[in-house]
1. Select from the range B:85-95 the residues that are within 7 Å of another protein chain (Cβ to nearest Cβ) and within 17 Å of residue A:53 (Cα to Cα) and write down the one among them that is surrounded by the most Cβ atoms within 10 Å (Cβ to Cβ).
2. Among the residues of the range B:152-167, is any assigned to a strand (DSSP E or B), in contact with a Leu (Cβ under 6 Å, 6 or more places away or on another chain) and either within 14 Å of another protein chain (Cβ to nearest Cβ) or aliphatic (A, V, I, L, M) (or both)?
3. Which residues, counting only those in the range A:134-159, are outside any loop (DSSP other than H, G, I, E, B) and either surrounded by fewer than 16 Cβ atoms within 10 Å (Cβ to Cβ) or in contact (Cβ under 8 Å) with a residue 60 or more places away in the chain (or both)?
4. Going by what's in this entry, would residue A:227 be described as out of contact with any Leu (no Cβ under 8 Å at 6 or more places or on another chain) and of a type in the set (Val, Ile, Thr)?
5. Kindly establish whether residue B:195 is free of Cβ contacts under 8 Å to residues at least 40 places away in the same chain, β-branched (Val, Ile, Thr), within 14 Å of chain A (Cβ to nearest Cβ) and under 25 Å from residue B:314 (Cβ atoms).
6. Would you please name the residue that is nearest to the other protein chains (Cβ to nearest Cβ), looking only at residues in the range A:354-375 that are out of contact with any helix residue (DSSP H, G or I) (no Cβ under 8 Å at 6 or more places or on another chain) and not in a strand (DSSP E or B)?
7. For residue B:110, are the conditions met, namely being facing chain A (nearest Cβ under 10 Å) and touching a residue at least 60 places away in the same chain (Cβ under 8 Å)?
8. Taking the range B:169-192 on its own, how many of its residues are of a type in the set (D, E, K, R), part of a strand (DSSP E or B) and within 14 Å of chain A (Cβ to nearest Cβ)?
Amino acid sequence: MRIVTGDECGLLKECLPSLAKKKSAKTVDESKKSNIIVDEGIRRINNGERSCRRRGIVALTWTNTEEDREFSSLHLDGSVEVWERGHFDEDFGNYRFSRKFDNIFGDVVGDGGLDPMKRPLGFSQYSIEGKSMICAANTEGKVVLLDPTLENNQTANAVRSSFTVFQGSNNKSTKLGVTYPLASSMSVDEANHYVAMGGKERETVLWDLNTSQQVWKAKNLPPDAQTLLQPQVWPTAISFLKNSVFSNADGNIMAVGSAHNEVRIYDIRVKDAQAIRRPFAVTPFGLIEHRVTALCQSNAHTLVVGDAAGYLNAVDLRKLGKKARVKKSITTTVGSQGRFVGPVGSVQSVVKHYDSPVIAAVGLDRMLRVYDSENRKELACMYLKQRLKCVLVGRERMARGDDDSIVSENEGDIDQEDVVDDYVDSDLEGSVNENNEDDDDDDDGDDHSGSQDSQELSESESDIESEENSSASDDEDDAPPSGKRRKQ
Amino acid sequence: MKKKPDASLKGKKPVNKAKTKTLVYRNPSHIHNKLKRSEMYGKYLQQKRKAKDEQKKIREEQLGEDVQKPVPKTIDNTREVEPTSVLENDLEVAADEADDEFAPYFDDDVKPKILITTRPRPSQNVFYFIADLQMLIPNLEFYPRQSYSIKEICQFAMNRDYTHLIVLSAKSKVCNGLTISHLQKHHDTGLAGPTAFFKVSNVVTAKNIPKHGKATSHIPELNLHGFGTRLGHRVGRLLGSLFPHQAQFQGRQVVTFHNQRDYIFVRHHRYIFNEKKKEEKKSKEANKDEGPPVKARLQELGPRFSLKLRWVQEGIFDTLHGEYEWFHKRKEMDTSRRKFHL
């Protein structure tokens, strides 16, 4: 599994946890004898460039995901660089600099300090009519749509359109004399071509990338009975949840994490007059103790929330209620599935692998950590020397992958994932089981065709699977599946 | 068939006399008379010591000339290897440090100007401690707290071009916490620097140190020792940036931040060099070293206290919405007695 990380000094590194150096030196004296520890699993991508904070990397995104071919990086000085993969035979991708677009936000940056009010915020790739485009935003609210396939240094041509999100409102947000930037988080919905942005005391807004119009704006929860004030709003992490328990053909739902220690889930499938603007689920007070800095969807019903003190929580979406203040006696555990133990500093980015249950988390404690998202065990921890800001996980499967072993065990056995049904809460059984049963039908259909082809199932395995089939879905006939297998 | 012990033993248990050295005195705990008992105990200890020395001699003769005393295992020796420890030739780390928030102080481009304040309504001891700190750290200015929030104070300080803010917190009339916030914005990113919170313990003001000296206003030399990991480097540089880096050697003062096992000991000394007079001495043990020709003597000035790092935050002090670079989580991180983070 290939992981690319970017840090605040502008260094891009490619990491392969399977090649990482194992701990060999046991005591301090032994480790001092070796001059430099060269970690076999880490390779620096942009070696020629001097490390410098103004070239710090803000965001990374894949622009060509086939064989992890190409990715681009957004730097603090407003430039976008595209990196292409060199080797296809080696384990390491050997990415090489391909092209660069300077000053995509149009602010000419001199030698002096960068303006913190106008810093790039993030970007993401989306494809429109088969063509891949990049949507980038900065903290002023300016959104730029960039075509990354053009030649080097053609920023003027590459920037297809731009619009400003928080326009017309008072420009500065100040408290106690401290000026905060307008926008503090952004995210792109690739499927429906939306960009969501939010700022301090500015609710999340959705803008359509094709029409450059605002499509939806979030509404805050009703005032609290005790303080008579609406809860404060400061979205610091936004994530669109695809194929979640609540999604359907119309679209996705959106999770917004705020600096006031909560995550809200919004339903954004309907846009017009029937749009639902209030969140339909909120994490209870006390579940998240610090500002939310990263969100990642780990499977259909689980959201991984990373916060500013290095806590990575797995939250079950089905168990969250509408109210932030829950009357139950154990407020901190409602919806919480558990914690990923490890990070010591603010988690800057959490990313899930394309299809296997593996999560990579990166933070200010200079470590890259890879976890198995199902049992929350740490698979790998690599020290990367700089404070890391963003991470990308490649899709390509490696020839030899030690940490992919967990993944490969479950790969052929799709039925194992459906065991979740046994642990569903009795309250939610009615609504959730239906969804799972639908999934079961599809998966079992695939499994049957797969098993017929492979002819590798032993008798014990087939027995287990037939048992699970019977417990999982009541609608399916038991005789045909097991009958098919016995014929083998 | 049951084994029978050898007849020559005459019914007693076999004892390996080569191993045990029989003492003339046994442990005198059986004596009821306290005076007599304490007397016999003294003799017993002396005998024990003598037997040990004899054994040592026998061992040395057996092993030969070069018998080295085995190095005992200490917690510092057997410290767990930190992957984040900085090695000497690391170019990446050197480049990072050349570009970080504290580089201008170490290059002497910026002079630190520090504002110190306390919790609201501090006790008298804290004022004495602050007076000592003003002798320790040059360019330290005190302002009373008066119930402003720390964020407001940061803003006021930034407006008046202060580079650092120190906030002392106290409990039960003793200073127990120290927050250092770097207020100056980074020249590239435009963001104000890190904030670190330390737990303060063992505070001894200058008056209470026996034979202490009085500090002068000369700029002291700085000694940062024992900061091994990346986090240690960061904290060490933060502490080092409090001082101007143009030491006045006539003052012969030195401030030491010594990190050992995650505790940072802060000491302020005045040193003086004494040259050893060369004497023609016939020493019995010719192998023994004569000692270095120049010896330094120290006189302790100023306060003496220890710090332990609790968290480091990115940006100026903001416990509600700030992002932590390092946060000490006791249950997760203190898993082993041999694991240290600085």
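The values are calculated or read from the model by the stated rules, or taken from the named source; none is laboratory data. Source: prediction; values computed, not measured. Reconstructed Cβ throughout: ideal geometry from the backbone, glycine too, with neighbour counts over all protein chains shown.
1. Across the range B:85-95, the extreme among qualifying residues is B:93.
2. Within the range B:152-167, one or more residues are assigned to a strand (DSSP E or B), in contact with a Leu (Cβ under 6 Å, 6 or more places away or on another chain) and either within 14 Å of another protein chain (Cβ to nearest Cβ) or aliphatic (A, V, I, L, M) (or both).
3. A:134, A:135, A:136, A:137, A:138, A:143, A:145, A:146, A:156, A:157 - these are the residues of the range A:134-159 that are outside any loop (DSSP other than H, G, I, E, B) and either surrounded by fewer than 16 Cβ atoms within 10 Å (Cβ to Cβ) or in contact (Cβ under 8 Å) with a residue 60 or more places away in the chain (or both).
4. So residue A:227 fits the description; yes.
5. Taking the combined requirement at face value, the residue does not satisfy it.
6. The selected residue is A:364.
7. On the way: facing chain A (nearest Cβ under 10 Å): no; touching a residue at least 60 places away in the same chain (Cβ under 8 Å): yes.
No; evaluated as a whole, the condition is false for this residue.
8. Number of matching residues: 1.
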